Each structure stands twice: as structure tokens, then as C-alpha cells.
Amino acid sequence: MVRPVIGIIGNAYSVENRFTVQMAGVSNLQAVVDVTGALPLIFAGNPRLTDIADLLAVVDGILLTGARANVHPSRFGTEPDPRHEPYDEGRDTVALPLIEACVAGGVPVFGICRGFQEMNVAGGGSLHPEIRELPGRINHRMPRLETGEIHPDPTVVFADRHEVRLTPDGIFAQILGRETIRVNSLHGQGVLDVGSKIVAEGVAEDGTIEAIRFKDAKGFALGVQWHAEYDPQDNPVNRPLFEAFGDAVRAYKQNR
């Protein structure tokens, strides 16, 4: 039996300050292969290279990954600030209408970190560029050394940092079989206002939104603020999420 295909969005990067490339982290590809059983297919987060209708004719699901770049503030009615760069407006231009198309057509879509933020914006919500600056919020950015450098040990960087309370009897609680989980945290930008088309189902101890779904989606349309792709092979929170995504992708492929 031919495996289903999950499209993984690419991010714009410059290599050696000379070569523009579209990249996706290997951990995202590995998560798709190991847990969903699907074939990962990277597509360009660039509207000159990716036609959404053609893409959706090929794939059976979409994974919107984390990224270095923030969603551009113009997408939710705010002025940009150089302090919050870089931006990837090509990815914005592809991801936001792609999310709407997936939700309307029942194509399974799973958003992680930046992808989670894109889903909230596509659902009519807004973002704050530095959640840690809001009163009562903790620092959700990745751990750093006293020198300011990113901690060199990935087990420290991706370690569970805080709890998330899930909506009782919500989709996430049903998938995970619990109402409180612990997750990693590697983001500066976060949800400010929840979109009118979005339901928040997970909230961190400091009030930061961590898990969402599209309320009227015809299929799987979930997003998480943490990096679920890091260790879904054996993580008791992240594995069930990728398994549920894989189940939805296979069902979509069978019924399309």
C-alpha cells in the first residue's frame, strides 16, 4: 500500500549569505516517518514556487513547522518593528491561505510553534512579539548560557519547562487521556488574542495559550505552541498527537 504524503512547509534561509534556500528541520521529517508512517514532502514557503491547489492535490496532510522568523505583524494589523525580525513574508503568504483551504476542505493540518501562531492568525487572531514582556508571563524562550549563547545541550534546550492545563473533555484531553501535561518552550512570539474561528484548549501556568483547534474544521486542525516534533518517538505527550495526526491523514487519503 502506498504511504500517505504529508507536506512539510519550507522556510527561507540564506546560506553563506549567497544562496537562498528552502529548509525544513530533519526532526520534522523524522517525526512524520517514525510516528505517522507517512512520506514527508517538503514544499516551498514561497508563493512564486507553491500553488496551493496543486499542493493539496498531491498531499494528504500538512505539517506547519516552527521557524526562526516571526509572522509579519501586518498580517494581524500591527506595525512591524526591527527588533522582532527576521520575518518570512513568503511563508506567510503561503501558510495563511493554505490553512484556510485545509480547514475548509478537511485536509488534516498540524501546526507547531510558528505553525501554531499562523493558525491563530488565519483564524482571525493576533500575536505578541515578546510574550515575556506581558505582565505575569514567564520567559518562554529557549535556555541560554550566561554569555547569551544558546545552551549547547539539546536535552536542556528541549526539556519540559512548564505545565499546560487542557480543557476537560476537549480534543487534546481526549487524545492525551489527561488534563495536565508538561511541555518544552522555545518561543518569543505568542498568541495575544485568540481568533474568532479558534478554540483555545491548552493554557500554560502564566496564561499563555499553548494548544488550539479550528472550531468549524471538517477534519484534524490542531496547533501546539511547543516543539512536539523534537521527541515524538517516545514522548508520552507528543507521540499521541502525531499518531492522531497520522490516523487523520490515512483516513483522508482513503476517503478522498
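The values are calculated or read from the model by the stated rules, or taken from the named source; none is laboratory data. Please read all numbers here as calculations on a predicted model, not as lab measurements. Positions of Cβ are generated from backbone atoms using ideal geometry, with glycine treated the same way; all protein chains shown enter the neighbour counts. Accessible surface areas use protein heavy atoms only, side chains included; no ligands, DNA or RNA. Shrake-Rupley method; radii C 1.70, N 1.55, O 1.52, S 1.80 Å.
Test F19 against the stated conditions and say whether it is within 26 Å of V191 (Cβ to Cβ) and of a type in the set (F, W, Y).
No; evaluated as a whole, the condition is false for this residue.
Determine which member of the set D88, D60 is more than 23 Å from R213 (Cα to Cα), of a type outside the set (F, W, Y) and in contact (Cβ under 8 Å) with a residue 60 or more places away in the chain.
Exactly one residue qualifies, and that residue is D88.
Take the residues of the range 138-155 that are within 21 Å of the chain's Cα centre (by Cα) and either of a type in the set (K, R) or part of a helix (DSSP H, G or I) (or both): which is surrounded by the most Cβ atoms within 10 Å (Cβ to Cβ)?
Within the range 138-155, the match that is surrounded by the most Cβ atoms within 10 Å (Cβ to Cβ) is R141.
Inside the range 1-60, counting only strands (runs of 3 or more DSSP E) that do not spill past its ends, which hold 3 or more residues that are open to solvent by 60 Å² or more (accessible area, probe 1.4 Å) and aliphatic (A, V, I, L, M)?
Output list reads 39-43.
Applying the selection to the range 212-237, what residues are within 16 Å of the chain's Cα centre (by Cα) and free of Cβ contacts under 8 Å to residues at least 60 places away in the same chain?
R213
So, in the range 121-137, of the ones that are hydrophobic (A, V, I, L, M, F, W, C) and at pLDDT below 95, which residue ends up surrounded by the most Cβ atoms within 10 Å (Cβ to Cβ)?
I131
For the range 71-93, give me the residue count where each residue is farther than 14 Å from N46 by Cβ and either in a helix (DSSP H, G or I) or open to solvent by 30 Å² or more (accessible area, probe 1.4 Å) (or both).
Summing the residues that are farther than 14 Å from N46 by Cβ and either in a helix (DSSP H, G or I) or open to solvent by 30 Å² or more (accessible area, probe 1.4 Å) (or both) in the range 71-93 gives 14.
Could you tell me which residue of the range 94-120 is farthest from K215 (Cα to Cα), considering only residues that are aliphatic (A, V, I, L, M) and surrounded by fewer than 24 Cβ atoms within 10 Å (Cβ to Cβ)?
For the range 94-120, the residue satisfying everything is L96.
Using the structure shown, decide if L63 is open to solvent by 30 Å² or more (accessible area, probe 1.4 Å), of a type outside the set (K, R) and modelled with pLDDT of 95 or more.
no
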